[in-house]
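Taken together, the values in this text are just the output of simple stated rules run on the coordinates, not laboratory data. Owing to the predicted nature of the structure, the values given are computational and were not obtained by experimental measurement. Cβ: placed from backbone, ideal geometry, glycine included. Neighbour counts: every protein chain shown.
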Amino acid sequence: MRFFSGPMDADRTHGQPLLVTTSWDDGHPSDLRVADLLEKHGLNGTFYVPSINSEGRPVMSATEIAQLGRRFEIGAHTRDHVSLTGLSPQVATDQILANKHWLEDILGEEVPGFAYVRGHHNRTVRSLVAKAGFRYARTGRNLMSTPGAHRFQVPTTTQFFPHSRSTYVRNYLSGGPSPRRTAILTTLLNDDRLATRVSRTAEACARSGGYFHLWGHSWELDAHSLWNELDRLLAQLRELAVRFVTNAGWCERVWRGGHDQALPFPGARHSA
Ligand SMILES: [Zn+2]
């Protein structure tokens with residue numbers, strides 16, 4: 001499993017290598033096509049996989065998950081793909097642990113990361129995820145160019161989806177206006193095609209926080225015919241002076257040797 005890749009030269013990113021990660025939710029079989037595109041362009045990322053999807057969409061077979069896990073990081077996403085905030089702590093714990101153990105049996109290694117379904121989390125859910133032994137958890141908070149302050153509230157920059165302007169503005173307002181988030185919102189509101197907008201957002205991240213986190217659903221790429229646009233974006237990201245990491249690699253970069261050493265990352269697996 002690769003946690004870091006990419007050139008370290010810096011030109012368009014103002015002297016600092018932009019740290020780029022991607023994440024892909026729900027374990028749909030089309031994730032394998034995302035993996036091929038990431039490899040084609042030398043990018044990295046993390047795939048969050050539920051055991052089954054109670055919403056009816058297919059999930060990769062155990063064999064496919066094992067194969068994907070040899071190429072990229074696999075994270076957990078609950079057993080049935082359910083929001084945890086409306087469940088009792090016992091039922092939520094079952095959803096978290098059953099998925100973690102299932103994935104670890106398939107992969108033969110630790111699954112360090114978790115993504116909250118629909119981004120729903122609260123203090124209780126975060127505590128249950130930490131107690132289950134995860135090292136970080138990804139949220140749905142977006143328009144961020146910094147990694148945030150809490151490893152169980154890892155934010156993203158933007159979803160690979162052509163949202164309406166009103167959706168971007170609503171996300172901006174609900175997440176708390178700030179100069180850095182305003183700079184990202186501005187790039188996403190222009191009239192360029194999706195790949196160009198998102199690529200310019202990555203450049204805006206390089207000028208401010210230094211982190212760019214793209215996330216998406218492969219089943220949405222199918223439904224909205226976004227594959228060529230993703231190919232175009234990944235090629236453009238490759239041209240930036242970036243370092244490509246998994247979600248775990250991103251978290252390890254943030255917290256290695258930092259203030260939050262309660263759950264230290266294993267050194268060898270997550271080193272550059
Ligand atoms: Zn999901």
Review point. Which percent, nearest 5, of DSSP beta bridges in the chain are antiparallel?
Key: 10 percent
Check your understanding: Using θ = phi - 60° and the Karplus curve 6.51 cos²θ - 1.76 cosθ + 1.60, what whole-Hz ³J(HN,Hα) does each residue of region 147-164 get, with Gly and Pro shown as x?
Key -> x, x, 9, 10, 6, 9, 9, 5, x, 10, 9, 7, 7, 7, 7, x, 5, 6
Study note, to complete from the structure: In terms of the charge dipole of the chain, which places +1 on Lys and Arg and -1 on Asp and Glu at the beta carbon, the residue among Gly133, Val254, Asn53 farthest towards the positive end is Val254
Exercise for review: May I ask you to evaluate 6.51 cos²θ - 1.76 cosθ + 1.60, the Karplus curve with θ = phi - 60°, for each residue of region 173-185 and list the ³J(HN,Hα) values in order in whole Hz, giving x for glycine and proline?
Suggested key: 5, 6, x, x, x, 7, x, 5, 5, 5, 4, 6, 4
Point to revise | Base-10 log of normalised Debye intensity for the chain (one unit scatterer per alpha-carbon) at q = 0.09, 0.10 Å⁻¹ | key: -0.37, -0.46
Point to revise | Stretch gain in nm, segment His120-Ala235, where the contour uses 0.36 nm per residue and the Cα spacing is subtracted | key: 38.2 nm
Revision key, fill the gap. FRET efficiency for Arg170 and Arg70 from the Cβ-Cβ distance with R0 = 45 Å, rounded to 0.05, comes out at 0.70
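What FRET efficiency do you get for His224 and Ala149 if R0 is 41 Å and r is their Cβ-Cβ distance, rounded to the nearest 0.05?
E(calc), rounded to 0.05, equals 0.75.
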**Study point:** Length-normalised contact order for region 43-155 - Cα pairs under 8 Å, 6+ apart - percent
**Key:** 23 percent
Check your understanding: Charges only on Cβ, +1 for Lys and Arg, -1 for Asp and Glu: so what's the dipole of the chain about the Cα centre, in debye to the nearest 20?
Key -> 860 debye
Practice item. Mind checking the full-extension length gain between Arg193 and Ser54? Use 0.36 nm per residue of separation minus the Cα-Cα distance, one decimal, nm. Key: 46.7 nm
